[in-house]
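The values are calculated or read from the model by the stated rules, or taken from the named source; none is laboratory data. As the structure is a computational prediction, the values presented were derived from the model and not from experiment. Methodologically, a virtual Cβ is constructed for each residue, glycine included, from the backbone with ideal geometry; neighbour enumeration extends over all protein chains shown.
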Amino acid sequence: MPRIAILDLGTNTFNLLIAEKDKDGNPVFIYSKELPVEIGKGGIHRREITAEAIQRAIHALHTHRQKMGEYDIDEYYAFATSAVRDAENGKEFTRKMRIETGIEIKVLSGDEEAEWIYEGVKHASVLGNETSLIMDIGGGSTEFILANEKELFWKKSYPLGVSRLFEIFNPADPLINKKAEVEHHISTMLRDLFRAGETFKPAELIGSSGSFDSFAEMIIQRTSSGKKAVNGYEYPLDEFQKLYNDVLVSTVEQRLQMPGLITMRAPMFPYSVVLTDIVLKTLSIKKMKLSRYAMKEGIARHLLENKSW
């Protein structure tokens, strides 16, 4: 059975997913690891990947490459997203990674990223016949997809990742101090999404991995519900609203003490809750679910089933 590795090189984290087929021919994920890299830090608002970020990226790729060797993979596929595609030195960055680590990187467009997120969410088996709005909050961009289990109707990638927002509005800690300014910026950028939402009328919001994993873990710990943040987890929206209210007035130091929130997300996490809250309220969506699968799972499934790019 072929065993492949997917390297999802995001703005905040470099993710490694190792996958193969089981005895029935179905894709299974046997290893997953994310490393904090923050290649957008200090430069994303200037369309630049800094020298310090390049060194962090090289170190992370060496770490992932070592793990790929331990798992004896047959092939690997490496993809970069918003921070690299928007950076003026993006081509130099991929060349440097190839020279220093031997890893060839394909830079995805925003549309390609959205399409692969849709494929990952389909694999999570959380879509149905009704139209859903899929939302994937990244460091450099946020993708929105209107779709059901059979068809993708509309998609767009916006430069509204949490690292990008953090760089634009920093310092804003707590975020409540710049709430109106941040909300105006986001709502202005998302006008065509809201028009599309009026046309397709999504019945629910599906959040794919990342920040939405943290929303689920934090709510579960706050409510002591004993549930697990699995594919299809349904968020109690009253609890999400309480989380939103608490995060908005919190400092970084306070967020670091919040159960369920991993350390690397604490500085930028308020932008995730604000983004999500605006979308839910503007489109009057009353149901929100989790997909723990996103782009890398969609790409892995495609490659295992089709054996070609």
Those residues of the stretch 82-116 that are under 22 Å from G42 (Cβ atoms) and in contact with a strand residue (DSSP E or B) (Cβ under 7 Å, 6 or more places away or on another chain) come to a total of 7
Taking the stretch 83-126 and keeping residues free of Cβ contacts under 8 Å to residues at least 60 places away in the same chain and of a type in the set (S, T, Y) leaves T94, T101, S109
Scanning the stretch 59-82 for residues that are part of a strand (DSSP E or B) and more than 15 Å from the chain's Cα centre (by Cα), the one surrounded by the fewest Cβ atoms within 10 Å (Cβ to Cβ) turns out to be E75
Residues of the stretch 232-271 being surrounded by fewer than 18 Cβ atoms within 10 Å (Cβ to Cβ) and more than 26 Å from N177 (Cα to Cα), in sequence order, are G232, E234, P236
Expected single match for basic (K, R), within 19 Å of the chain's Cα centre (by Cα) and under 24 Å from I137 (Cβ atoms) among R85, R47, R56 is R85
Of the conditions (1) in contact with a Phe, Trp or Tyr (Cβ under 6 Å, 6 or more places away or on another chain); (2) in a loop (DSSP other than H, G, I, E, B), the single one that I18 does not satisfy is (2)
Picking from E115, E167, E149, E181, the residue that is under 24 Å from D277 (Cβ atoms), within 22 Å of the chain's Cα centre (by Cα) and not β-branched (V, I, T) would be E167
Boolean, E149 is surrounded by fewer than 17 Cβ atoms within 10 Å (Cβ to Cβ) and at pLDDT 95 or above = yes
Counting only strands (runs of 3 or more DSSP E) entirely within the stretch 101-193, those with at least 3 residues that are touching an Asp or Glu at 6+ places or on another chain (Cβ under 9 Å) are 132-137, 142-147, 152-158
Filtering the stretch 261-309 down to residues that are closer than 30 Å to K21 by Cα and not in a helix (DSSP H, G or I) yields K289, L290, S291, R292, Y293, A294, K307, S308, W309
Among (1) touching a Lys or Arg at 6+ places or on another chain (Cβ under 8 Å); (2) farther than 13 Å from W116 by Cα, I145 falls short only on (2)
